[in-house]
1. Taking only region 519-533 into account, find how many residues are under 28 Å from the mean Cα position of the chain (by Cα) and either over 18 Å from P508 (Cα atoms) or among the polar types (S, T, N, Q) (or both).
2. Hey, does region 280-287 have a residue that's under 30 Å from K707 (Cα atoms), open to solvent by less than 30 Å² (accessible area, probe 1.4 Å) and part of a loop (DSSP other than H, G, I, E, B)?
3. What pairs can you find where one residue is in region 87-115 and farther than 21 Å from G33 by Cβ and open to solvent by 80 Å² or more (accessible area, probe 1.4 Å), the other is modelled with pLDDT under 85 and part of a loop (DSSP other than H, G, I, E, B), and their Cβ atoms are less than 7 Å apart, with a gap of 6+ or different chains?
4. Kindly check whether there is at least one residue in region 164-171 that is open to solvent by less than 20 Å² (accessible area, probe 1.4 Å) and either modelled with pLDDT of 70 or more or touching an Asp or Glu at 6+ places or on another chain (Cβ under 6 Å) (or both).
5. Considering only region 1-31, how many residues are farther than 22 Å from A280 by Cβ and at pLDDT below 90?
6. Given Y714, Y729, which one is surrounded by 15 or more Cβ atoms within 10 Å (Cβ to Cβ), out of contact with any Phe, Trp or Tyr (no Cβ under 8 Å at 6 or more places or on another chain) and within 24 Å of Y637 (Cα to Cα)?
7. For region 493-587, give me every one of the strands (runs of 3 or more DSSP E) that falls completely inside it and has 3 or more residues that are in contact with a strand residue (DSSP E or B) (Cβ under 9 Å, 6 or more places away or on another chain) and loosely packed, with under 15 Cβ neighbours inside 10 Å.
8. For region 668-718, give me each residue that is polar (S, T, N, Q), under 30 Å from K422 (Cα atoms) and touching a strand residue (DSSP E or B) at 6+ places or on another chain (Cβ under 6 Å).
Amino acid sequence: MIFRILPPLLFCFISIESVLAQGIRGRITDAQGEAVPFANIYIPQLSTGTTSNIDGNYELKLPAGNWKILFQYIGYQTQSYDLIIGNSFQEKNVQLITQNYKIPEVTILASGEDPAYYIMRRAIALAPYYQKQVSKYSCKVYLKGSGMFEEIPTMAKLLMDKKEVKDLQEPFVLETVSKIDFELPDKIKQEVLAMHSSGKDNNTSPMGMITNNLYDADKYGVVSPVGINALKVYRFSLESVFEDQGFTINKIKVTPKTNGNDVLSGYIYIADLFWNIHSADLKLRIPMTDVNVHQLYAEVNKNTWMPVSLDFDMNFAGLGFKIKFRYVAAITDYKTTLNPALDHTFLEKLNNQQAQDQRLFEKMNAEISTIQKPVVPKSKAQKQIDQLMEKPALSNRETVKLNRMIETETKRNSPPEPLEIKSTFKVSSKQVNNDSAYWVGLRPIPLTETEKTSFVKKDSFLLVSSKPEYQDSVRNFKRKFKAKHLLFGKTYDYSIDSIRHYERFSIPNLINPTSLSFNSVDGLRMELPFSYYKSDSTGHMMQFGPTFAYGFAREKLDASFSYEQRLNGLKNSWFSFDVGTTTADYNRTSGLSSLTNAFYTLFLEENYKRFHRRDYLQLAFGRDLVNGLNLKVTFDYSDNSPLTNHSKYSFIDYKDKEIEPNVPMNNTLIPWQLENHQSFVSQATLEYTPYHRYSIRNNAKVYVESKYPTYTLYYRGAYSGIFGSDARYDLLKLGMRQKINFGIDDHVSYAINAGTFLNSSKLYFEDFQHFNTQSTGFAFNSTENSFRLLPFYEFSTQKSFVDAHINWQSRRLILKHLPIIKNSSVSENLFVNFLSTPEIKNYMEAGYGLGQLFLLLNVEGVAGFENGKFRSAGIRVSINLK
């Protein structure tokens with residue numbers, strides 16, 4: 001979860017000037033002489049700057065000239081200096097004065113409402129404008145990150161040698177310099193200019209630090225204080241106001257109504273009249289991790305505010321580990337283009353209104369040159385937006401309406417989103433320079449003494465690691481076979497790199513518990529999969545591997561082999577074949593997990609899964625016919641035979657229970673439908689997702705999760721007489737599914753399938769239409785889109801059916817408003833399942849559940865109804881292991 005919310009935590013970025021011999025350096029302190037870490041130093045004329053380090057020290061290279069330099073940080077008054085830069089560095093120590101906050105003259109409005117709501121409604125309403133105010137921009141980003149293990153559990157230390165433990169206890173530092181080019185809606189070009197790490201990895205992706213500002217927080221699963229749902233989620237209070245560079249800034253306290261993993265707390269600073277974000281000092285609490293974020297915006301062009309400084313601390317404490325991370329980023333050299341699809345004229349009115357304020361008059365004496373004049377008359381919607389903005393106060397409903405109107409008007413005037421999400425990331429090996437001397441002339445934020453020591457140790461390591469004999473030893477370690485690998489498993493890496501040539505071969509771990517399962521047919525069963533995978537930058541991919549399995553009670557060795565090859569990555573063209581023999585569940589596509597079945601068999605003497613022997617040969621191929629329209633065709637020949645139980649073993653021998661025969665219970669089942677037979681089956685699946693967007697990685701198309709439904713047309717038929725096939729039937733099915741996300745673990749999803757057997761003259765039980773039933777009281781897998789109360793196999797049908805599921809999962813439904821759990825990470829779930837077949841008509845389940853109890857458990861209560869009459873009810877507990 002943490003990686004969804006904070007992709008920039010691991011890597012990021014900023015600007016780098018050409019090596020100059022002059023500039024300023026010094027130390028930034030407060031009134032008591034204490035260091036002010038991560039203060040921002042910014043030069044508006046150059047759109048560049050830097051950030052002080054944790055000791056308050058800074059250094060900024062500048063061209064010769066007369067420059068206005070701003071020193072600023074949250075909670076302190078901005079200090080402005082006009083300095084003449086000659087041909088050498090000059091010392092400039094700065095003392096920041098604590099912000100002179102003014103208590104608001106009116107603390108409570110006549111309505112009894114805190115005046116913060118007046119401010120935040122304006123900020124929320126205008127958030128879509130500021131989010132898309134700039135259609136494209138470029139910038140440079142410098143990131144410095146550091147981290148350290150403060151505590152390592154004893155058990156972990158025992159599993160590592162002393163050198164590994166010592167390495168973990170050493171602080172590590174990461175530095176990157178990147179150039180970013182961004183264009184709406186999501187075209188990103190990243191070029192890493194330099195990177196430097198005291199650790200082993202140099203991988204970095206800086207764009208997240210730039211795009212993950214508060215206007216975009218909702219995209220990452222966090223409810224933004226200026227997002228459309230903010231008024232439902234947060235309480236706001238106006239704590240104070242202050243003046244900064246000619247603007248009146250409102251300090252707003254942000255308090256979640258209900259705590260959770262997707263809410264922020266702290267302070268957000270909003271510029272009066274313009275209602276844009278000035279800065280933020282916020283906290284995010286997720287399981288085992290606390291994150292403190294400071295974000296500072298600057299006016300990089302007239303009325304164009306962009307983030308120029310970010311710093312955050314991340315403290316992890318869990319599983320016996322304590323780890324501290326600290327990241328600071330400076331963003332400079334902005335070049336922005338105003339979005340022509342937006343009406344920017346309201347800013348002129350705000351500037352005129354501000355100019356009438358005598359306190360700010362001197363600030364507003366320049367003409368507005370960056371605002372583009374509309375070339376066409378305003379639309380009806382734009383006039384309605386103006387009317388709402390001119391209202392002296394907005395209600396909650398009007399705030400949401402204005403927010404949506406601005407969003408809609410922006411989309412109406414913008415070109416359609418391109419199907420391809422263009423994102424390029426370029427790192428040249430020449431730009432990966434780990435030499436400390438190289439960085440002396442490049443680094444905008446000085447290193448602390450601890451960080452210097454970390455890099456000195458890394459430089460000494462580089463002297464050794466750069467030698468051919470060392471590189472050969474590392475390569476041999478990744479590829480050399482040893483006898484112990486047959487017991488403990490091993491992945492051999494033959495890659496040149498992870499992009500141009502990625503190649504690996506894996507052998508299984510014999511002592512891995514996940515390789516074992518248990519059922520009443522095979523008894524103890526061990527599966528050992530081998531795999532080979534290879535891909536390259538041309539979009540081609542190949543993977544294959546044998547799997548061996550042995551049922552100890554049945555004394556039977558099963559073996560299979562699978563092969564898949566991608567022929568064209570841009571067309572998603574591929575083919576595969578599989579051949580083998582196995583113990584197969586009659587319901588091969590859904591149903592009870594093997595782990596849950598093993599648990600019930602061994603501990604409760606209840607076996608639920610039913611198996612048959614399947615010897616098979618399967619050929620499949622697929623490709624995109626057009627974007628979003630995919631065709632998959634499969635041909636399957638199999639020899640099928642029934643199996644009997646070979647084990648009645650259970651840890652506990654219950655007097656009133658016994659292992660049941662390996663025969664599925666179904667009232668429509670005829671005995672011959674379980675007999676030996678051969679089947680030749682063809683399947684064709686046509687899936688269509690409208691306007692399905694995608695990105696291209698290594699010359700292969702990768703579809704992203706769509707906001708539109710996916711429609712499915714499915715046919716499966718068996719043909720008698722072909723290669724001795726006994727089966728004959730035709731099944732036609734239509735389906736639709738969609739998932740609508742609202743945040744972290746907040747979504748509505750539905751799946752509807754309807755179908756019929758056009759012909760079922762020779763239909764065997766494994767080819768019935770089976771349904772996803774999860775009727776055990778306890779399970780080790782997720783239960784979404786499943787029937788919690790229906791018995792296994794009993795209502796599998798050979799006729800027509802309608803199968804539907806809808807699920808609403810949220811952190812703020814019912815019980816989360818109760819004090820006892822309001823501050824927990826528990827999520828809530830409402831669901832309805834529907835099934836109608838000739839055997840069970842209009843069956844419906846409705847339930848409510850709590851998820852992530854103690855981060856792992858889910859508890860549900862569910863009731864079932866048939867034709868509106870109560871049928872059954874139950875409580876279900878599950879653990880999310882996958």
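1. Residues meeting the conditions: 1.
2. Checked region 280-287: no residue is under 30 Å from K707 (Cα atoms), open to solvent by less than 30 Å² (accessible area, probe 1.4 Å) and part of a loop (DSSP other than H, G, I, E, B).
3. N87/A21; N87/Q22
4. no
5. Within region 1-31, the first condition is being farther than 22 Å from A280 by Cβ, and the residues that meet it are 16-27, 29, 31.
Those still in the list that are at pLDDT below 90 too: 16-23, 31.
The total comes to 9.
6. Values: Y729 fails: out of contact with any Phe, Trp or Tyr (no Cβ under 8 Å at 6 or more places or on another chain).
Just a single option satisfies the conditions, and that option is Y714.
7. Numbers: elements: 501-507, 516-519, 523-529, 531-536, 541-551, 556-568, 573-585.
Hits in region 493-587: 556-568.
8. Filtering region 668-718 down to residues polar (S, T, N, Q) leaves 668, 673, 676, 678-679, 682-683, 685, 689, 695, 698-699, 706, 710, 712.
Still in the list and also under 30 Å from K422 (Cα atoms): 685, 689, 695, 698-699, 706, 710, 712.
Those that are polar (S, T, N, Q), under 30 Å from K422 (Cα atoms) and touching a strand residue (DSSP E or B) at 6+ places or on another chain (Cβ under 6 Å): T685, T689, S695, T710, T712.
The values are calculated or read from the model by the stated rules, or taken from the named source; none is laboratory data. The shown structure was predicted, so the numbers you read here are calculated from the model rather than taken from an experiment. Because the Cβ atoms are built from the backbone with ideal geometry, glycine has one as well, and the counts that use them run over all protein chains shown. To get the accessible areas, we keep the full protein, side chains included, count just its heavy atoms, and leave off ligands, DNA and RNA. Shrake-Rupley method; radii C 1.70, N 1.55, O 1.52, S 1.80 Å.
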